[in-house]
Amino acid sequence: MSTKNKISDQPVRFPKDFLWGSAISAHQTEGNNVNSDWWAWENSAGRAAALKARGKSLEDHRSGEACDFYHRYDSDFALAESLNQNAIRISVEWARIEPKSGEWRGEEVRHYVEVLKSAQKHGLKTFVTLFHFTLPLWFAESGGFAQPGNVDRFVAYVEKLAAKLDPYVDFWLTLNEPEIYTSHAYYFGIYPPQHKSLRESFRVVNNLIAAHRRTYAVLKKQSTKPVGLAYHLLDVVAVNVLSSFNRLFFHYVANEYVLNRTVKFCDFIGVNYYNHVHLAWWGRRMQSQSRHETSDLGWGIHPEGIERVLVGLKRYRKPVYITENGVADAADTRREKFIKDHLRYVQRAIARGVNVRGYLHWSLIDNFEWHHGFRPRFGLVAVDYATQKRTVRDSARAYASICKNNSLSA
Ligand code: BGC
């Protein structure tokens, strides 16, 4: 690291009213999301065969009861409060509310009202995501977001839901990471429906962009709350002059394609920051772990990238919330340093004029890490899946003291 980039270990204060908290999503934590496309996929014969062929355990890769957050939200929010957090990000599961096309379950909407009331009781501002990777099975089977006409169904759902939920929401997030969802579900074939088509990927990402814009308009009609989108932003690093051109191209595709088409329809920008990529001079070898310490998932830990990503957003002149940032670290030997290092670079971005107003760590509790199953541990709080016992990790206490003081000491 050059001296220019060296972070100081002086105490660092954050702006007044900064939000400190953590994030989760519904399918990853609630358990028994039985009417969703993910549930169907996790329990399909094809998935079982693919896991068996790779020598992996089926049980580890089925969300099942997950963290039973559906029933334990109140005690989990109490934990967040005890760790001095003042904000929480959750998502609402469409597959519960409309398990069959046109069948509206009012009791599930009331459940989410209770969840949000509980968060408020525990002093947590609420960020509510409307689409975090999972869909009702009926919607997925009718073509999901690959069908332009289906956007209407999503917007109609949001309109009806928001009428009930809005009083308990502080910040709306329309979509989580349209870039990652599209690439993983329609290009790399990792998430259901496991397609591998560039053409279809463009169709899906453009439909998601339309879904965001229309959802934004619908929410603005009935709500005074800020509406944003959670973007997955990568720090794209060129290793030499030759890869600079590739860098521009990759940066555009990975970060700017969605951002440029949606940011006008955002009251704030949500940033999910995890990774960077080093582009080798061909642009063919992309590594995120080279020269870096890695997480349990082999992702390179690269805190300086968050400053670059944030400074890149300055031109949009919008408030920014970090809606996810975290590390898979079962032994909890890297998380405290990870948080502190990232926060020092966040502070540098603030000093350079970026209007960052909050930091939500991924994640409050260990949870179901999509196609990787339960093995990666992202939680500030550990979950024993056999007993559902929660255990606060040391890094969570270190983070709690940052939240309490609104500052970071050496
Ligand atoms: C997703 C989360 C996920 C996290 C860690 C983010 O891209 O929004 O759902 O658990 O990354 O992989």
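None of the figures in this text is laboratory data; all of them are computed from the coordinates on show. Worth saying up front: this structure is predicted, and the values here are computed from it rather than measured. Here the Cβ positions follow ideal geometry from the backbone for every residue, glycine too, while neighbour counts run over all protein chains shown.
If you stretched the chain out fully between residue 9 and residue 78, how much longer would it get, using 0.36 nm times the residue separation minus the C-alpha to C-alpha distance? Don't skip to the end; give the middle numbers.
On the way: separation 69, 0.36 × 69 = 24.84 nm, distance 3.18 nm.
Roughly 21.7 nm would be gained on extension.
Restrict the search to the stretch 159-238; then list the chymotrypsin sites (Phe, Trp or Tyr not before Pro) that DSSP places in a loop and that have at most 14 other Cβ atoms within 10 Å of their Cβ. Mind dumping the intermediate values first?
Values: sites: 168, 171, 172, 181, 186, 187, 188, 202, 216, 231; in loops: 188.
Within the stretch 159-238, the qualifying chymotrypsin sites (Phe, Trp or Tyr not before Pro) (loop, at most 14 other Cβ atoms within 10 Å) are 188.
Once the piece of chain linking residue 113 and residue 194 is laid out straight, how much longer is it, given 0.36 nm per residue of separation minus the C-alpha distance between them? Walk me through the numbers before you get to the answer.
Details: separation 81, 0.36 × 81 = 29.16 nm, distance 3.35 nm.
Length gained between residue 113 and residue 194: 25.8 nm.
Do any trypsin sites (Lys or Arg not before Pro) in the stretch 295-404 lie in a DSSP loop with no more than 14 other beta carbon atoms within 10 Å, and if so, which? Mind showing how you got there, number by number?
Numbers: sites: 308, 314, 315, 317, 334, 335, 337, 340, 344, 348, 352, 357, 377, 389, 390, 393, 397, 404; in loops: 317, 334, 352, 377, 393.
Answer in residue order: 317, 352.
Under a plain spin-label model, where a point goes 7 Å from the Cα along Cα-to-Cβ, how far apart in nm are residue 34 and residue 221?
3.5
Which of 223, 243 comes first, and how do the rest follow, when ranked by fewest Cβ neighbours within 10 Å?
On the way: 223 16, 243 21.
Listed from fewest to most nearby Cβ atoms, that is 223, 243.
Run the numbers for residue 357 and residue 248: contour at 0.36 nm per residue of separation, minus the present Cα-Cα distance, in nm. Provide the component values of the computation, followed by the final result.
Working: separation 109, 0.36 × 109 = 39.24 nm, distance 2.83 nm.
Going from the current span to full extension adds 36.4 nm.
My understanding is that a pair violates if its Cα-Cα distance is over 32 Å; which of 196/264; 56/164; 164/196 do that in this structure?
Numbers: 196/264 30 Å; 56/164 42 Å; 164/196 38 Å.
Checking Cα-Cα distances, 56/164; 164/196 exceed 32 Å.
Would you mind checking the stretch 118-144 for residues with the amide N under 17 Å from a putative spin-label position 7 Å along Cα→C-beta of residue 103?
The answer is 135-142, whose backbone nitrogens lie closer than 17 Å to the label point.
Just want to confirm a number: the relative contact order over the chain, from Cα pairs under 8 angstrom separated by 6+ residues, in percent. Don't skip to the end; give the middle numbers.
Values: 786 pairs, mean separation 80.0, N = 410.
Rounded, it is 20 percent for the chain.
What ranking of 75, 8 emerges when the number of other C-beta atoms within 10 Å of each C-beta is taken as an exposure proxy, fewest first?
Working: 75 13, 8 10.
Exposure proxy ranking, most exposed first: 8, 75.
List the trypsin sites (Lys or Arg not before Pro) in the stretch 36-82 that DSSP assigns to loop (not H, G, I, E or B) and whose Cβ has at most 11 other Cβ atoms within 10 Å. Which are they? Numbers along the way, then the final one.
On the way: sites: 47, 52, 54, 56, 62, 72; in loops: 54, 56, 62.
Filter output for the stretch 36-82: 54.
How large is Rg over Rh for the chain, taking Rg from the Cα atoms and Rh as the Kirkwood inverse mean of 1/r across Cα pairs? Could you put the intermediate results ahead of the total?
Numbers: Rg = 20.2 Å, Rh = 21.6 Å.
For the chain, the value is 0.94.
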